[in-house]
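Every read-out reported here was derived from the displayed coordinates using simple, explicitly stated rules and does not represent laboratory data. Remember, predicted model here, so these are calculated numbers, not experimental data. FYI the Cβ positions are ideal-geometry reconstructions off the backbone, even for glycines, and counts take in every protein chain you see.
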């Protein structure tokens with residue numbers, strides 16, 4: 001009982017540290033991926049326009065485009081996959097934090113709801 005306050009402060013400090021680390025990681029990943037995807041999207045769009053101009057044949061009132069299959073995923077799909085991975089890592093880290101904060105006999109559901117509420121508040 002004597003160390004209960006110290007343990008709560010230590011857990012709160014670990015929580016704040018984890019939130020800061022994950023927040024910085026999320027920001028770095030978001031900025032890096034969004035810049036790379038924007039550059040790739042611009043380049044792909046320019047290539048698509050150039051290719052479309054060379055593949056379209058106009059005969060009178062009809063257009064005859066050459067059909068092509070897309071082999072590479074779009075930048076939006078890559079971005080969604082990366083963000084899903086980051087979100088998965090954050091959920092895993094929050095679960096580990098919840099596991100560390102719980103003591104035997106303590107209601108886990110209340111702590112989980114409090115953790116989610118703290119994460120959703122702006």
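Counting only DSSP H runs of at least 4 residues, each contributing -39500 (n - 2.57), and dividing by the residue count of the chain, the helix-based mean residue ellipticity at 222 nm comes to -27500 deg cm²/dmol. The relative contact order of the range 4-120 comes to 24 percent, based on Cα pairs under 8 Å that sit 6 or more residues apart.
The angle between the Cα long axis of helix 75-101 and the longest principal axis of the Cα atoms of the chain comes to about 10 degrees, rounded to the nearest 10. The modelled label-to-label distance between residue 14 and residue 93, using points 7 Å beyond Cα along the C-beta direction, is 1.5 nm. Over the chain, the fraction of Cα-Cα pairs per 10 Å bin, rounded to whole percents and listed from the shortest bin up, is 10, 27, 20, 15, 12, 9, 5, 2, 0.
Once the Cα atoms are used to define both axes, helix 4-55 deviates from the longest principal axis of the chain by about 0 degrees. Among 99-111, 16-28, 74-86, sorting by the average number of other beta carbon atoms lying within 10 angstrom of each residue, highest first, gives 74-86, 16-28, 99-111. Among 52, 94, 39, the largest mean-square fluctuation in a Gaussian network model of the chain, built with springs joining Cα atoms closer than 10 Å, belongs to 52.
Once you have the Cα-Cα distance between residue 6 and residue 117, take 0.36 nm times their residue separation minus that, and quote the gain in nm to one decimal.
Details: separation 111, 0.36 × 111 = 39.96 nm, distance 2.37 nm.
Using 0.36 nm per residue and subtracting the Cα-Cα distance, I get 37.6 nm.
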